[in-house]
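The values are calculated or read from the model by the stated rules, or taken from the named source; none is laboratory data. For clarity, every value in this text was computed on a predicted model and none was experimentally measured. When we count neighbours, we look across all protein chains shown, and the Cβ atoms used for this are built from the backbone with ideal geometry, even at glycine. The accessibility values were calculated without ligands, DNA or RNA, using every heavy atom of the protein model including side chains. Shrake-Rupley method; radii C 1.70, N 1.55, O 1.52, S 1.80 Å.
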Number of protein chains: 2
Amino acid sequence: MTARHSDCVHCLMRGQSIFAGLSREEVCELGMDVQDIHVPAGTTIYHEGDPAQYAYTLRQGGIKLVKSLPNGHAQIVRLLHHGDLLGFEGLRTDRHRHSAITLTGTDLCRLELRALDALSQRLPAVREAIFARWQQALQEAEDRIVELGAKKADARLATFLCQWVGAYPQQRAAPFPLTRQDLGEFLGLSTEHVSRIMADLKRHRLLHEHKGQIEIPDPQNLFLYASSDGTRA
Amino acid sequence: MTARHSDCVHCLMRGQSIFAGLSREEVCELGMDVQDIHVPAGTTIYHEGDPAQYAYTLRQGGIKLVKSLPNGHAQIVRLLHHGDLLGFEGLRTDRHRHSAITLTGTDLCRLELRALDALSQRLPAVREAIFARWQQALQEAEDRIVELGAKKADARLATFLCQWVGAYPQQRAAPFPLTRQDLGEFLGLSTEHVSRIMADLKRHRLLHEHKGQIEIPDPQNLFLYASSDGTRA
DNA sequence: CGCGTGGTTGAACATGATCAAGGTCTGTGG
DNA sequence: CCACAGACCTTGATCATGTTCAACCACGCG
């Protein structure tokens, strides 16, 4: 892991960050120790239950947030993309509520929670930006509850894949660093079952996979598959 | 449905409400049109997709927040108890993201979203209080994702029942206005399956049910049942 | 090479959904 | 007061979905 002092003023992501609303001067005077860090794939950035010291912005790469059950089973609670925040629950809970594990090599900026808290008290725009993200996370979590509670395996997987590629609108083929096991832990399925459904989708030419990239030739079609009476309960 | 003007200053719930941090004088001068309303069981307070005009505080009774899938299936996203907030997503989204349906007769206070928004801009304490609830809702939603994704039916039901009675610590027996269908829509199960598991729990004397009340003689025991390798994926 | 990780496939099994029927309770109207 | 309708619950039988266990394959890497 490499770390160096970050230059927020010239940060490429400033426009989408929690500092988006601030003037150049304000950003200059954040008075915060912001670190630019890089971590390789498969690194645990923090563990569930750890005292929360830092929050992060994901600048590049993919991260999974995982919760473990006492019986040794894991559930991926959220998947983070370019631009997402993590560790901010530490503003309210003093301990991390999940483990954060990189799926790829990632670039992050790391903020001290104490300083961030103080700062966000001072600058309402920052606080608002954080809360807006929380609200969005809640919305997504509720959508996921619906997915898990009311859809069948194939429909869940199909909707998920649609959403995933939707997060990379520019490319034809989206990077896809998830293993079958990751997919299983995200969708509440066994890796074998995920594997079978993926094979099925490929057989029906609804999906292509090459070297860590996926492509959905006709999203409409896969979406139909996703909705096609994929119901339960 | 009955409605009358509310007297926030003397509200019994002021201590736990979003106005908790305010002085008596500040509450007096909220300058908001707060309505005290009562609705019978089975009423839809608002529909998913409706333009959001009001937010509510639940003073008494139970409410379910429901999302429907295109194929006519419903998922209960959250269950609200005495003291919970609803409709506040309207502060950010302009439309309600779920339907709110009463499980019992309920007392609510109704706030205008526009006025509430203005107010919360003015009084940081109010804004903070709302955000604290959002953060908590997110946490609970993530816990539910874990339940739905990583546990089996019986374990899900058992943990849910434990939590439910936990929300009524004062009484031995907790009020239980949920139908088997509600339970199914909450836990992602068919009503029949819920019925069977409930029967099983009763057979093992882990649970009693009388006239809309439930009692868990030995929560420890039911908790064991809930954790007992109730794993999946 | 030879190993390890991740992916695939098959067969047996378990869990839970679905379909169907009957039961209980409550409120309503005769 | 009784009959009846409607909602909710229960139970059984059958079927579908998804898990588990086991073997095997493909690939990247030492």
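Brief remarks follow.
- Shown for region A:133-158: residues covered by the partner protein chains by 50 Å² or more of accessible area relative to the chain by itself (probe radius 1.4 Å), namely A:Trp134, A:Gln135, A:Leu138, A:Glu142, A:Ile145, A:Val146, A:Leu148.
- Dipole magnitude (debye, nearest 20) for chain B, charges at Cβ of Lys, Arg, Asp, Glu: 480
- Contour excess over end-to-end distance, with Cα ends at A:Thr179 and A:His204 and 0.36 nm allotted per residue: 6.9 nm
- Region B:2-147, accessible surface, carbon-and-sulfur percent (1.4 angstrom probe): 48
- The protein assembly as shown, dipole about Cα centre (Lys/Arg Cβ +1, Asp/Glu Cβ -1), debye to the nearest 20: 960
- The simple spin-label model puts a point 7 Å past each Cα toward its Cβ; for A:Ala41 and A:Ala20 those points are separated by 3.0 nm.
- Across chain B, the volume of the C-alpha convex hull divided among the residues equals 136 Å³ per residue.
- Shape category assigned to region A:1-136 from the gyration tensor of Cα positions, a/c cut at 1.5: prolate
- Three-way shape call for the protein assembly as shown based on the alpha-carbon gyration tensor, with the a/c threshold at 1.5: oblate
- Cut-off under 5 Å, modelled amide H: who pairs with A:Arg97 long-range: A:Gly49
- Label geometry 7 Å along the beta-carbon vector: A:Asp200 inter-copy distances in nm: 2.6
- For region A:2-139, the relative contact order is 31 percent, taking Cα pairs closer than 8 Å that sit 6 or more residues apart in sequence and dividing their mean separation by the residue count.
- Based on Cα contacts under 8 Å between residues 6+ apart, chain A shows a relative contact order of 19 percent.
- Value at 222 nm in deg cm²/dmol, rounded to 500, when DSSP H runs of n ≥ 4 in chain A each add -39,500 (n - 2.57): -12000 deg cm²/dmol
- Inter-copy separations for A:Glu140, label at 7 Å along Cα-Cβ, nm, ascending: 2.2
- Once the Cα-Cα distance is subtracted from the 0.36 nm per residue extended length, the A:Val9 to A:Lys211 segment shows a gain of 69.1 nm.
- Highest mobility in the GNM of chain A, judged by mean-square fluctuation with C-alpha springs under 10 Å and restricted to A:Ile76, A:Ile45, A:Ile145, is found for A:Ile145.
- Other-copy label distances relative to A:Ala167, 7 angstrom Cα-Cβ extension, nm: 3.1
- The B-A contact accounts for roughly 3800 square angstrom of buried accessible surface, both chains included, probe 1.4 angstrom.
- Above-threshold pairs, the threshold being 23 Å between Cα atoms, out of A:Lys67/B:Lys152; A:Lys64/A:Lys211; B:Lys67/B:Lys202; B:Lys64/B:Lys211; A:Lys151/B:Lys202: B:Lys67/B:Lys202; A:Lys151/B:Lys202
- For region A:151-227, the share of accessible area belonging to carbon and sulfur comes to 51 percent (1.4 Å probe, ligands and nucleic acids excluded).
- Peptide A:73-81 is shielded by partner chain Cβ atoms: per residue, an average of 4 of them sit within 10 Å of its Cβ.
- Two-site FRET efficiency, B:Ala118 against A:His81, from Cβ-Cβ distance with R₀ of 25 Å, rounded to 0.05: 0.15
- Residue (of B:Phe186, B:Ser227, B:His204) at the positive-pole extreme of region B:151-227, dipole from beta-carbon charges: B:His204
- Evaluated with a Cβ-only charge set (Lys, Arg +1; Asp, Glu -1), region B:155-233 carries a dipole of roughly 120 debye about its Cα centre, given to the nearest 20.
- B:Gln139/B:Ala167 FRET efficiency (R0 22 Å; Cβ-Cβ; nearest 0.05): 0.90
- Accessible surface computed residue by residue for the protein assembly as shown, with neighbouring protein chains in place and a 1.4 Å probe, gives 46 Å² per residue.
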